[in-house]
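Since the structure comes first, as structure tokens, the remarks are kept for the end.
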């Protein structure tokens with residue numbers, strides 16, 4: 001498996017991503033089945049297909065403002081639209097013809113992709129494996145919040161059990177993650 005491959009829980013129609021929020025955003029989203037105010041449509045929001053990375057990023061749902069971890073099933077069409085309208089968060093000569101072209105993409109494209117060291121259930125880096133984060137802004141965040149979401153689930157109890165080693169692989173969602181079959185025209189996104 002390549003170092004950078006999108007790994008996620010998915011089926012024929014949806015892919016699971018994760019986000020962490022404070023109660024005043026998470027609870028209304030859970031009740032409505034979509035993001036509603038005070039969720040902000042005018043700032044970038046980052047979605048993560050990796051459960052391990054989300055546990056790490058939120059400190060097992062203990063960091064301020066990240067006390068609720070949500071598992072969000074979105075349409076695969078929406079996910080792939082996001083990647084088709086993305087640029088890497090850093091300049092890569094193997095992908096971008098020039099720094100100026102990359103900079104123009106940063107300004108014009110509504111989605112950013114970055115790769116970070118994947119984490120295991122103990123939050124330790126997994127050598128040779130990177131997890132993708134996808135930043136949505138402008139029209140992408142509106143599509144995400146209004147059109148792509150199929151289901152929102154509170155996975156905070158699983159995160160808390162993992163933090164206490166009450167559950168661990170193979171009972172964590174990360175054990176169900178597998179390489180997502182990216183269309184060939186989106187393969188460049190795995191080059192960060």
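Every read-out reported here was derived from the displayed coordinates using simple, explicitly stated rules and does not represent laboratory data. The structure presented is a predicted model; accordingly, all values stated were derived computationally and were not measured. Heads up, the Cβs are rebuilt from the backbone with ideal geometry, glycines too, and the neighbour counts pull from every protein chain shown.
Quick one: Cα centre-to-centre distance for the range 28-70 and the range 109-150, in angstrom? Cα centres, the range 28-70 to the range 109-150: 11 Å. Quick check: from the Cα gyration tensor, does the range 124-192 come out rounded (a/c under 1.5), prolate or oblate? Oblate, since a/c reaches 1.5 and b/c is not below a/b.
In deg cm²/dmol, rounded to 500, what helix-only [θ] at 222 nm does the chain give when every DSSP H run of at least 4 residues adds -39500 (n - 2.57) and the total is split over its residues? The helix contribution divided over the chain gives -7500 deg cm²/dmol. When log10 I(q)/I(0) by the Debye sum over Cα atoms at q = 0.09, 0.16 Å⁻¹ is calculated directly from the model, which label among [x] -0.46, -0.99; [y] -0.36, -1.11; [z] -0.31, -1.02 fits? Calculated log10 I(q)/I(0) by the Debye sum over Cα atoms at q = 0.09, 0.16 Å⁻¹: the matching label is [z].
For the chain, modelled as a GNM whose springs connect Cα atoms under 10 angstrom apart, the maximal fluctuation among 119, 16, 76 occurs at 76.
Label sites at residue 171 and residue 116, each approximated as a point 7 angstrom past Cα along Cα to Cβ, lie 2.7 nm apart. Taking each residue as 0.36 nm, the span from residue 27 to residue 94 lengthens on full extension beyond its C-alpha to C-alpha distance by 19.9 nm.
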